[in-house]
Amino acid sequence: MNKFIVALAAALIAAHASAQSWPSKPVRVIVNVAPGGVADVTARVLAQRLTEALGQAFVVDNRAGGDGYIGFDFVSHADPDGHTLVYSPGSSMMISPHIVKRADLDPLKVLTPVAATGAVSLYVLLNPGVPAQNFDEFLAYARANSGKLNYGSPGNGTSPHIATEVFNREAKVKLNHIPYKGAGPALKDLLGGQIELTFDPGVGIASAKAGKLRMVAVAGPVRHPDFPDVPTLEEKGFKGIDGGPHFGFYAPAATPGDVIQKMNFEIQKAMKDPMVNDRFKALAVNLAPSMSAEQFAAYVRAEYGRYAKLLTELNIGAQ
C-alpha cells in the first residue's frame, strides 16, 4: 500500500509539473482546413497572441483534406504532452463524422476538447454574373433555374454545406453542391465564376465590400454592420440556418488533465485580448462564451447529437 501511495504521489507531482512547464517547447497547431479560410485566419491570430504571452512559438501548420480527418489523424498520433494541437471548425468534429465515417478514426475518441473560440455567421454571396441585385431576386432566379446553380462549400459536412442544404429544403430550391478543401479555395472559384454562389463564413466580405461579389443575405442572428440593407434569412422567413458550432482547439486523448486545464486557461485569456477581439470582429466571428474544457466537451457531445438528427432529416448519409 505504501508503494502505491508513493507512486500515486509521484504521478500527481509529475502531472502538476507538466502543467506548470507547459509550453516547454514550440507548439504545433494543426489547422485541418486550407489556408485563407476563417479557421486558418483565426488560428493564426491566436497563435500570434499565445506566442507573445507564453514565450514559445505557436506554429500553424495547415493539413487540409479528407473532410478534416487528415489533421485529426496527425494529431491523434502525436505525443500527448500539449505541444501538438488541432484547431478545427466545429463542423469537422460535430458534423462530418456523421457523413464520412472512419472505422479506424473517431475524432471524439482520439481527441479531447480543450477550448472553444468562436462561431461564424454565413453570408450568401453571389458572383456578379448571377442576375440578382437582392435576396428576393436571387430566390426567384434560383427557383426558376432549379438545379442549374452551383454553390461551393469548404467541404462535405461543413457548416456552409449543411446550412445551404437546409436552405434548399426550406426555400424549395435545388442548388448543386461543389465541395472544396476550405473556404479560401471556394472563394477563389466564386470570384473566378466557376461557381455561382457560396454561403461564405466571412472570408469573402472584403470582396463584397470591393464590389467583386454581391451579398444578398446573412445566415445568422444579425445583419452585418457594413451591409445594413442586407437582411438575415430569418427576417425573410427562413429559420434554423446558421454558421454551425464553435471552432476550437483539441489535443490527443491521452493528454494529462492538468495540461488541458492550463491550455484552456491560456487560450481563454488570449481570447479576451483586445487585438484578438478586434480581429475576430473584423472577420465577423462571434466569440464563444467562456467554457471550461469539461463544458466544451459537453457542448461538443450535445452538438454532435443534434446534427445526427438534422442530417437524417436532410437525407445526408454516411459515405
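The values are calculated or read from the model by the stated rules, or taken from the named source; none is laboratory data. Because the structure is a prediction, the values reported are computed rather than measured. In this analysis, Cβ positions are derived from the backbone assuming ideal geometry, glycine residues included, and neighbour counts consider all displayed protein chains. Remember, those area values only see protein heavy atoms, side chains included, never the ligands or the DNA or RNA. Shrake-Rupley method; radii C 1.70, N 1.55, O 1.52, S 1.80 Å.
Summary table below
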{"item": "Residue match in the stretch 195-208 (condition: surrounded by fewer than 17 Cβ atoms within 10 Å (Cβ to Cβ) and either more than 23 Å from the chain's Cα centre (by Cα) or at positive phi (or both))", "result": "no"}
{"item": "Pair list, Cβ < 6 Å and 6+ apart or interchain, from the stretch 201-222 residues that are under 11 Å from Leu125 (Cβ atoms) to residues that are polar (S, T, N, Q) and buried (at least 20 other Cβ atoms within 10 Å of the Cβ)", "result": "Val218/Ser121"}
{"item": "Criterion violated by Gly82 - all others in (1) at positive phi; (2) open to solvent by 30 Å² or more (accessible area, probe 1.4 Å); (3) at pLDDT 95 or above satisfied", "result": "(2)"}
{"item": "Qualifying residues in the stretch 52-100 (those that are β-branched (Val, Ile, Thr), part of a helix (DSSP H, G or I) and touching a residue at least 40 places away in the same chain (Cβ under 8 Å)) - the one nearest to Phe249 (Cα to Cα)", "result": "Val75"}
{"item": "Lone unmet requirement of (1) over 26 Å from Pro185 (Cα atoms); (2) open to solvent by less than 20 Å² (accessible area, probe 1.4 Å); (3) free of Cβ contacts under 8 Å to residues at least 60 places away in the same chain for Ala47", "result": "(1)"}
{"item": "Thr164 vs. criteria surrounded by 21 or more Cβ atoms within 10 Å (Cβ to Cβ), under 19 Å from the mean Cα position of the chain (by Cα) and outside any strand (DSSP E or B)", "result": "yes"}
{"item": "Residue that is least open to solvent (accessible area, probe 1.4 Å) [pool: residues in the stretch 257-293 that are under 19 Å from Pro201 (Cα atoms) and basic (Lys, Arg)]", "result": "Arg279"}
{"item": "Filter result (touching a Phe, Trp or Tyr at 6+ places or on another chain (Cβ under 9 Å), more than 30 Å from Pro231 (Cβ to Cβ) and not in a strand (DSSP E or B)) within the stretch 101-149", "result": "Arg102, Leu105, Pro107, Leu108, Val110"}
{"item": "Qualifying positions in the stretch 279-319 - under 30 Å from Asp226 (Cβ atoms) and in contact with a Pro (Cβ under 6 Å, 6 or more places away or on another chain)", "result": "Glu303"}
{"item": "Pair list, Cβ < 6 Å and 6+ apart or interchain, from the stretch 294-319 residues that are touching a residue at least 40 places away in the same chain (Cβ under 8 Å) and open to solvent by 30 Å² or more (accessible area, probe 1.4 Å) to residues that are of a type in the set (Val, Ile, Thr) and part of a loop (DSSP other than H, G, I, E, B)", "result": "Gln319/Val100"}
{"item": "Any hit, the stretch 226-246, residues being among the small types (Gly, Ala, Ser), buried (at least 16 other Cβ atoms within 10 Å of the Cβ) and at pLDDT 95 or above", "result": "no"}
